Amino acid sequence: MKQRSGNGNYFPFPRSIFKHEGFKKLSTSARLLFFYLLEAEHQYTGEKVGYFFRSNDDLSSDTGLSNKTIIEAKKEFKEHISDLIDMGWVHWWVDDKRVKKSKKKVTSFTIKV
């Protein structure tokens, strides 16, 4: 069951994650990104919405990892922990006339732990 602390000082996570065979195969950077996404899930989701979205630039800025490292970590997620995290649609925002795509491309995330 997911818990939300609301105070920003900590976030709970299941310790069983460290025994997950796929998690053990992740690079240190991918693990850092996973824990950031776990914390972001607590921050950006609620009772009605179970997913959130971030761009690679946002993730890079938030974690201090390079865009290249973010992309590689997301590949590791698909290979090793797709049962723990769902990286859904990749989306560009489109203007009202549905003509021009934004420069910012985002990925949706759902944490399944």
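Each label point was placed 7 Å from the Cα along the Cα-to-Cβ direction; for GLN43 and GLU72 their separation is 2.4 nm. Summing Lys and Arg as +1 and Asp and Glu as -1 over all other residues whose Cβ lies under 11 Å from the Cβ of ASP62 gives a net charge of -2. For the cross-link pairs LYS48/LYS105; LYS48/LYS112; LYS25/LYS105; LYS78/LYS105, the ones whose C-alpha atoms lie over 21 Å apart are LYS48/LYS105; LYS25/LYS105. Normalised by the number of residues in region 16-111, the mean separation of alpha-carbon contacts (under 8 Å, six or more apart) gives a relative contact order of 32 percent. Full extension of the chain between SER108 and MET87 yields a length gain of 7.0 nm, computed as 0.36 nm times the residue separation minus the alpha carbon distance. Extending 7 Å from Cα along the Cβ direction at SER16 and again at THR28 yields two label points whose distance is 2.9 nm.
Just so you know, all these numbers are worked out from the coordinates, no wet-lab data involved. Since we're looking at a predicted model, the values are computed, not measured. Ideal geometry is used to build each Cβ from the backbone, glycine not excepted, and the neighbour counts take in all protein chains shown.
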